[in-house]
1. Looking at (1) at pLDDT 90 or above; (2) assigned to a helix (DSSP H, G or I), find the lone condition where Gly62 falls short.
2. Go through the residues of region 35-50 one by one and say whether even a single one is at pLDDT 90 or above, in a helix (DSSP H, G or I), aliphatic (A, V, I, L, M) and surrounded by 10 or more Cβ atoms within 10 Å (Cβ to Cβ).
3. Determine if region 1-11 includes at least one residue that is assigned to a helix (DSSP H, G or I), without any contact (Cβ under 8 Å) to a residue 12 or more places away in the chain and under 17 Å from the mean Cα position of the chain (by Cα).
4. Every residue in region 12-34 that is part of a loop (DSSP other than H, G, I, E, B) and either modelled with pLDDT under 90 or under 19 Å from Leu47 (Cβ atoms) (or both), please.
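The values are calculated or read from the model by the stated rules, or taken from the named source; none is laboratory data. Everything numeric in this text was worked out from a predicted model, so none of it was measured. For neighbour counting, all protein chains shown are included, and Cβ atoms are generated from backbone atoms with ideal geometry for every residue, glycine included.
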Amino acid sequence: MGKAIVNVEIPVSPEAASRLQDEVVRQRAGAFLEAVFGPGDPRRDELLDLMDAVGRRAEEAGLTEGDIEAELAAYNAERRL
């Protein structure tokens, strides 16, 4: 027997809602939410674990803190336009 799946309603921006029309995007979003909020040790923070894993992959790819800070600064400047 497969895992029970339920639909939930989550408020998102119109842009995010538009992207969620794509089945592949919905499946990825669901997998992400399942990883963060799914079953597991309630004392463990899966989101922090995921963020740590992303950080390790960025370091392995050669990104530095300076690269990340520059990218965030460019993103924030772009949003102010």
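1. For Gly62, the failing item is (2).
2. no
3. The answer is no, given that none of the residues of region 1-11 is assigned to a helix (DSSP H, G or I), without any contact (Cβ under 8 Å) to a residue 12 or more places away in the chain and under 17 Å from the mean Cα position of the chain (by Cα).
4. Val12, the sole residue that qualifies.
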